[in-house]
1. Once you charge only the Cβ atoms, +1 for Lys and Arg and -1 for Asp and Glu, what is the size of the charge dipole of segment A:3-250 about its Cα centre, to the nearest 20 debye?
2. Arranged by the count of other C-beta atoms within 10 angstrom, fewest first, what order do B:C52, A:C240 take?
3. Once you order the gyration tensor axes a ≥ b ≥ c over the Cα atoms, which shape class does segment B:45-90 get: rounded for a/c under 1.5, otherwise prolate or oblate by comparing a/b with b/c?
4. Mean shadow of segment B:3-223, computed from the convex hull of its alpha carbons, in nm²?
5. Per residue of B:79-85, count partner chain C-beta atoms within 10 Å of its C-beta, then hand back the mean as an integer.
6. Using a 10 Å cut-off on Cβ atoms, rank the peptides B:243-256, A:140-153, A:45-58 from the highest mean neighbour count down.
7. Return the average number of partner chain Cβ atoms within 10 angstrom of each residue Cβ along peptide B:53-62.
8. Place a +1 charge on the Cβ of each Lys and Arg in the protein assembly as shown and a -1 charge on the Cβ of each Asp and Glu, then give the dipole magnitude about the Cα centre in debye, rounded to the nearest 20.
Amino acid sequence: MNVHAIAAIYKFEMNRTLRTLWQSVVSPVISTSLYFVVFGAAMAASMRQMPGVGGNYGAFIVPGLIMMTLFTQSIFNASFAIFFPKFIGTIYELLSAPVSFVEIIIAYVGAAATKSVALGLIILATARLMMPFNIEHPFWMIAFLVITALSFSLFGFIIGVLSAGFEEIQFIPMLIVTPLTFLGGAFYPIKILPPIWQLISKFNPIVYLISGYRWSFGVGEADVPVGLSLAFMFGFFAICLTVVAWIFKTGYRIKV
Amino acid sequence: MEIIVSVKGLTKTYASGVQALKPVDLEIRKGEILALLGPNGAGKTTLIGIICGIVNPSSGTVTVDGHDIIRDFRKTRALIGLVPQELATEAFESVWSVVSYSRGLFGKAPNPAHIEKVLKSLSLWDKRTAKIMTLSGGMKRRVLIAKALSHEPRILFLDEPTAGVDVELRKDMWQVVRELRASGVTIILTTHYIEEAEEMADRIGVMNKGEIILIEDKDVLMHKLGRKQLTVHLAQKLKAVPAALKTWGPELTGEGRILTYTLDPDGDRGAASALLRKLDELNIAYTDFSTSQKSLEEIFVGLVQEPA
């Protein structure tokens, strides 16, 4: 294991985060805070009666909002981290270095996930300042946060490797992940939907992630059993890991 | 002579169908400076790319210090430093941070003293805190060299290192290369500046259309192919080469005003001055004379030119 290489890449990526602190941390925090103001404060009173919300709509949307930021930021950070060297040509060094794909992934995905987890915790703290709520299962809350950050960073890494241009990097987060999140129960319990949409929602993987995370907070009712949520998270993680192993084994889209 | 890099039957055909390397065999000797010359698209960068791990070979094997570049990639790549042709650099990072990063990437523990030494030898020390985007092209090239040297490689690939670099920087770089060679580092360089290869290299390889068409010690190559000529500008026109000069077999050109004599590389070194003395004896006046040696550049052009 080339530990020095992992440390070097991780440090390099974290420096990039610090250098671009404004766009990497501040802007997601501000936009999430706006959601809290609009949905949590302004509309909370009329939403309180919604079944499955648990009487506190402001607290109900906290897990969903954190997850939403986690998805898009993990994908964006990891995809950009590997796409950019490809784009400017500095990837040559990574390819000529004595590092294996496992080490490259640990470093890049680790750095992207670290940033996402930190961001998630910052948003959580911001939300807590705005409204009171408890975290019923703190261990699972952190565990879900970490595994989701890792999975989506890995997913983002794959997108970054496969993308040939900046538009493609934007495509999946903007056109797939964000809509699925809005339809994934970030702002409402699945059970208030008509039966047909409830059924369709069962095919949306995001539902399982948000539901599991909400369970760890203990607000409202979970849409699906927490065990199923966990299985989904690990399953998604395993799929991403397999794809990324194949990419490196074949050199697809990296080597010529 | 110990062989450090051994290339056997290496081929590369890109997905586009372009065959960049026909079967190539090459042995690089430990501690030498090998210059690879060849026109654009000859396969030099592809060959280097495969040895360094950036390009997947289509077939054939490469061993570095006895290790296979694919099976034992950690061992082989740790020995190699690569300075690419393209000026691919980070923009916002400092010189110090990117060079230190490279050292880590190649599996070496941090060593600020070594990084300092490398930066100083490349006159980058004053720029160590500068963001790379603020540097000139020549300075960026130095940063790439510093990155390649950061992990103390035993083999250094320089892919057109002096392209776009001014004379002063070029001299500095060659000084660094000489010092590296003196410390036992094997250096492989490609260049378009043939006089550079002529000055620096121990051996010269010429590539064309994916093949190494010639590889030879520089001195042997120069001797074998580098013809020396004496050109005499005559004061009066001559109608024909005088009989007394026939032993030299000179050519008469320029409407009988220019006499050109090509020296035999293995012949008498005094032949040219003897010819001039003979002209005096014959009372053939001349206004000027000059000697020239066929440069590596001319040899090279002669080798890769399409037969008319």
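1. Working: 11 positive and 8 negative charges, 41 e Å.
Charge dipole, segment A:3-250, about its Cα centre: 200 debye, nearest 20.
2. In increasing order of surrounding Cβ atoms, one gets A:C240, B:C52.
3. oblate
4. Details: hull surface 47.7 nm².
Over all viewing directions, segment B:3-223 projects a mean Cα-hull area of 11.9 nm².
5. What the average comes to for B:79-85 is 2.
6. Details: B:243-256: 13.1, A:140-153: 22.6, A:45-58: 15.3.
Final packing ranking: A:140-153, A:45-58, B:243-256.
7. Neighbouring Cβ atoms belonging to other protein chains average 3 per residue here.
8. That gives the protein assembly as shown a dipole magnitude of about 1060 debye.
Any read-out appearing in this document is the output of simple, stated calculations on the displayed coordinates, not a laboratory observation. The shown structure was predicted, so the numbers you read here are calculated from the model rather than taken from an experiment. Reconstructed Cβ throughout: ideal geometry from the backbone, glycine too, with neighbour counts over all protein chains shown.
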